[in-house]
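Only the coordinates and a few stated rules stand behind these numbers; no lab work does. Here the structure is a predicted model, which is why all the values come from computation and not from measurement. Backbone-built Cβ (ideal geometry, glycine too); neighbour counts: all protein chains shown.
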Amino acid sequence: MAEDSEKAKYSFRCLEQKCTTRECHIRPNINVTIGDLSRWTTQGYIGHIIVGLGIVPPESEKEPFVIETIRKPLKDDPDGTACVFFDEDANGCTIRYSRPISCRTFPLQHDGEKYFLSNKNCPGVGQGEVSKKALKESRDLAEKDYIERIETMAALPAVYSLVMAPMLRQSAEAMERLSEEDRKRMEDILSKAQDKAEESE
Ligand code: SF4
């Protein structure tokens, strides 16, 4: 199609095992959405993938809850870490065909208003098909990633409470069942721990 051969501003093709920078796998936050969880559930992979994920609670009121892949140290870089699903020996992703949407759209991102490159060192940029159709597919995926991130941020506090509430209830019930003597001992331990923490500040 004539339209397809028209030059697009952005093109990308993952170099996979031939990639030299591994920017995708070593970026500090590998975001996962509730949409990803839903797709993995439908595909039957959720049990395999969920062990590599964690909910990260916010450090301040302004920050959101997020789901990310767990990190692991890199063998060839003592100071570096990577996504737990990165296979350093094979130089590739062990869940490549069901990787999170944030990996599928990387390094193109959308912030609700515009598209931008989240990483300029990815050698896949400028490779691949240069057509309007390919550009539209990349943009659609980046927008979908943005929408899924927003939905996930909105839903996660409630999901987190659902998981944490029974644990907190169980712990409160366990405290209630303690004898007076055990409760006193527990209070002593906590008070000593607090004194130590204050001394070390
Ligand atoms: S899920 Fe796969 S593609 Fe995404 S960062 Fe981890 S190893 Fe890389």
When only residues in the stretch 105-114 that are in contact (Cβ under 8 Å) with a residue 24 or more places away in the chain and surrounded by fewer than 17 Cβ atoms within 10 Å (Cβ to Cβ) count, which is farthest from the chain's Cα centre (by Cα)? Gly112
How do the pairs read when you match residues in the stretch 66-93 that are within 20 Å of Gln17 (Cβ to Cβ) with residues anywhere that are assigned to a strand (DSSP E or B) and acidic (Asp, Glu), using Cβ under 8 Å and keeping only pairs 6 or more apart or on different chains? Cys93/Asp87
Wholly within the stretch 1-92, helices (runs of 4 or more DSSP H) carrying at least 1 residues that are more than 16 Å from the ligand (Cβ to nearest atom), within 23 Å of Glu148 (Cα to Cα) and polar (S, T, N, Q): 34-43
Hey, Val56 under 12 Å from the mean Cα position of the chain (by Cα), hydrophobic (A, V, I, L, M, F, W, C) and surrounded by fewer than 18 Cβ atoms within 10 Å (Cβ to Cβ) or not: yes
Can you confirm whether the stretch 85-105 contains a residue that is within 16 Å of Thr152 (Cβ to Cβ) and in contact with a Pro (Cβ under 7 Å, 6 or more places away or on another chain)? no
Please count how many residues of the stretch 160-180 are within 24 Å of Gly35 (Cα to Cα) and either exposed (fewer than 13 other Cβ atoms within 10 Å of the Cβ) or without any contact (Cβ under 8 Å) to a residue 40 or more places away in the chain (or both). 5
Within the stretch 103-113, residues within 18 Å of Glu137 (Cβ to Cβ) and more than 7 Å from the ligand (Cβ to nearest atom) come out as Arg104, Thr105, Phe106, Pro107, Leu108, Gln109, His110
